[in-house]
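Working notes for the structure below.
The values are calculated or read from the model by the stated rules, or taken from the named source; none is laboratory data. Worth saying up front: this structure is predicted, and the values here are computed from it rather than measured. Methodologically, a virtual Cβ is constructed for each residue, glycine included, from the backbone with ideal geometry; neighbour enumeration extends over all protein chains shown. Just the protein is used for accessible areas: all its heavy atoms, side chains included, with ligands, DNA and RNA removed. Shrake-Rupley method; radii C 1.70, N 1.55, O 1.52, S 1.80 Å.
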Amino acid sequence: MCGIVGYVGKQKASAILLEGLKRLEYRGYDSAGLAVEHDHKFEIAKKVGRVEILAKLAAQQRLSGTTGISHTRWATHGGVTDANAHPHVSSDGRFAIVHNGVIENYVGMRKFLIGKGYTFASETDTEALVNLIAYHYQKESARPDTSRFLESVRKTLHHVEGTYGIAVLCTDQPGEIVAARKGSPLILGVGDGEYILASDVAALISRTQNVVYLKDGEIVHITPKNFSITTLDLTDVSPVIDRVAWTVEDADLGRFAHFMEKEIFEQPAALENAMRGRFSEDQSSANFGGLNLTPADFRQIDRFQFCACGTAWHACLVAEHLIERFARVPVEVDYSSEFRYRNAPLYSNTLFFVISQSGETIDTLAALREARRKGYKVMAICNVVGSTIAREADGGIYQHAGPEIGVASTKAFTSQILIAAMFALYVARMRDMSFSDGVQYVQALKQAPDLVRKALEQAPRIKEIAKRYARHRDFLFLGRLSLFPLALEGALKLKEISYIHAEGYPAAEMKHGPIALISETCPTVFFAPKGEIFNKVVSSVQQIKARKGKTIVIATEGCEFPPGLADEIITIPDCHEAVLPIVAAVPVQLLSYYIAAELGRDVDKPRNLAKSVTVE
Ligand code: F6R
């Protein structure tokens, strides 16, 4: 959840570290800090608050070193204080460390180290790690200087239970960083005469697009001239240099006020990218190069199991609806965190899917590992190329939605739904869907980007509605069938960025409890698409109206909604059932965004949240 940036090169490290941290701030924003090595000493700046506060502090300190490490924190162990901010320095002053993850056995380590005379200045688990490195360094005094730093980190990591992405500096080895990962991402950018280490490509793409994705259990030793990778048990690793497709412009705000707004408006392009090259030649089915399964393998599968968290879990619920509806294959959906621990009985011919924008969510990664441990093949739908989940899965589908930086997921969500809709088609065409129905379905999916563009045209009207409703403290979101998950998603979006209480329900469930909430002060957002359940939704709206509840209805064009019944109507274009949840997402995303903006919330960095949840 926290962000790490490291630099080895010829430039002033602090400026590069601060630029990287700014791009990573969505990962955690309780405090930020950096350490640069200069003249065998550390220059350190760290402070509670955002990166801009750190930048001011760093400017006063005139940090001049050309090697450094930095961090933006989402607090786990220890409160949000300057002392708990990273980097942490060993009590002998020789090592500085930044760390993502959780050291589960830090209490025992700390006790041991206090017994050996080491002192502690913070409440963090990380400080135990850096002091243990110092302890092993003392013990390794017989080793040549060139390997002593690396070996003391390696020895320390052998004692660690938990997860980590770390970067370490040593005053005895200027111009060097030792970094390692287990459960927290780390990427090495290989630039022109410089190396940039980061927990996320967004932090390094302004300097290089050539990267090495470190794997769990690997340690990289970076020096001014080169780098080498080994495993914890001393095996040499030949690095593979990949090229990142994202550019620095993809990760910039451009003309928008917030990344969330930018990403909502990027949805047509994200949808086009998700579809590109993925329809069969005869335009009646979908193609997925990365599934690594033959049609014959698919014929053996008679059930799908999906796992994810948060918004991605809502995408799984839409996937369930679409696959069952069009391919007539049963689908189970579980929260990753629940799946992992509840030991559910599983059918044998089941294919697993995990959905994760970041590809780093720890619960989803654990669900994937649990399913693989039980001998199931796991497919991943991920946005971040080279992410841990993408790498550990047996196959998968990349979203190609571009970097999603706003903490609230928007374009990744609709692109996940589109991929689910394409997958439903793929499976359906292997079963009972006819060629002509397949062709129609493909044509409908291809219209999704334009339909979303059209839905986005409602933005000014939704902004006005948002202004009128922003001061309400409770909201209900109701939808049916494929739009029930959209009701959940609408409620999640609103609460996470505006801090307004909201709940999502299947519309007909309203009568079984939530209707008690209805009053003039609790508006209801209804999805009322054309089709067989339209009249049922109209009668639910009537029931709300009879209890003086305000209603905001999202209806498809051409719906005959009784005049005067709804307080507000937002129209979305009429579309194929497989595209409807994508188009219907737009008004609820915009409504939450404009309400949060109206309330002056920090839309891209809502309180207590961080993008990519890498702790349990
Ligand atoms: C909500 C949101 C989160 C994520 C969840 C899973 O807007 O973004 O609920 O959807 O943390 O994240 P990924 O998809 O990265 O696994």
Give me the percent of accessible area attributable to carbon and sulfur for the range 459-608, probe 1.4 angstrom.
50
Counting only the backbone N, which residues of the range 115-137 are under 19 Å from the spot 7 Å out from the Cα of L234 toward its beta-carbon?
136-137
With a 1.4 Å probe and every protein chain left in place, tell me how much accessible area L54 has, in Å² to the nearest 10.
0
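To check you understand DSSP bridge types, tell me what percent of the beta bridges within the chain (both residues inside) are antiparallel, rounded to 5. Display every interim value, and only then the final one.
Details: 61 of 100 bridges.
Around 60 percent antiparallel, to the nearest 5.
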Heavy-atom accessible surface of the range 3-245: percent carbon and sulfur, 1.4 Å
50
Indicate the gyration tensor shape class of the range 3-245 (rounded, prolate or oblate), computed on the Cα atoms with a ≥ b ≥ c the square roots of the eigenvalues: a/c under 1.5 is rounded; otherwise a/b larger than b/c is prolate and the rest oblate.
rounded
Rounded if a/c is under 1.5, else prolate if a/b is larger than b/c, else oblate: which is the range 254-446, with a ≥ b ≥ c the root eigenvalues of its Cα gyration tensor?
oblate
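For the range 254-446, with all protein chains present and a 1.4 Å probe, just round the carbon and sulfur fraction of the accessible area to a whole percent. Working shown, then result.
Numbers: 3240 of 7010 Å².
C and S atoms contribute 46 percent here.
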Could you give the length gained on full extension between H501 and A546, defined as 0.36 nm per residue of separation minus the Cα-Cα distance, in nm?
13.9 nm
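Stokes-Einstein at 10 °C, 1.306 mPa s, Kirkwood radius from Cα pairs: D for the range 1-92 in µm² s⁻¹?
For the chosen part, D equals 125 µm²/s.
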Please arrange K550, K377, K411 by accessible surface area, largest first, computed with a 1.4 Å probe and ligands excluded.
K377, K550, K411
Gain in length, I114 to D242, computed as 0.36 nm per residue apart minus the alpha-carbon separation, to one decimal in nm?
41.8 nm
Roughly what would the spin-label model give for K139 and H38, points 7 Å off Cα along C-beta, in nm?
3.5
Residues of the range 197-216 with amide nitrogen under 19 Å from the 7 Å Cα-to-Cβ point of K12?
207
Please calculate how many Å² of accessible area the chain carries per residue, with a 1.4 Å probe and no DNA, RNA or ligand atoms counted.
38
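Roughly how compact is the range 410-519, stated as its Cα Rg over 2.2 N^0.38 Å to two decimals? Please list the in-between numbers first.
Details: Rg = 17.6 Å, N = 110, 2.2 N^0.38 = 13.1 Å.
For the range 410-519, the normalised Cα radius of gyration comes out at 1.34.
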Zone of R328's modelled label, taken as backbone nitrogen in the range 473-505 under 20 Å from a point 7 Å along Cα→Cβ:
482
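Using only C-alpha atoms and all pairs of different ones, pull out the Kirkwood radius for the range 96-198 in Å with one decimal.
On the way: mean 1/r = 0.0701 Å⁻¹.
The Cα-based Kirkwood calculation yields 14.3 Å.
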The answer for chymotrypsin sites (Phe, Trp or Tyr not before Pro) in the range 293-350 that fall in a DSSP coil and have at most 14 neighbouring Cβ atoms within 10 Å is Y347
Sort largest first and round to whole Å: the equivalent ellipsoid semi-axes of the chain, each the square root of five times a Cα gyration tensor eigenvalue.
46, 27, 21
For the residue pair S348 and S519, what label-to-label distance in nm results when each label sits 7 Å from Cα along the Cα-to-beta-carbon direction?
5.8
Restricting to Cα pairs below 8 Å that are 6+ residues apart, what does the relative contact order work out to for the chain? Please round to a whole percent.
12
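At a Förster distance of 60 Å, what's the computed FRET efficiency of E557 paired with H158, Cβ-Cβ distance as r, to 0.05? Let's see the in-between values first.
Numbers: r = 63 Å, r/R0 = 1.05.
With R0 = 60 Å, the Cβ-Cβ based efficiency is 0.40.
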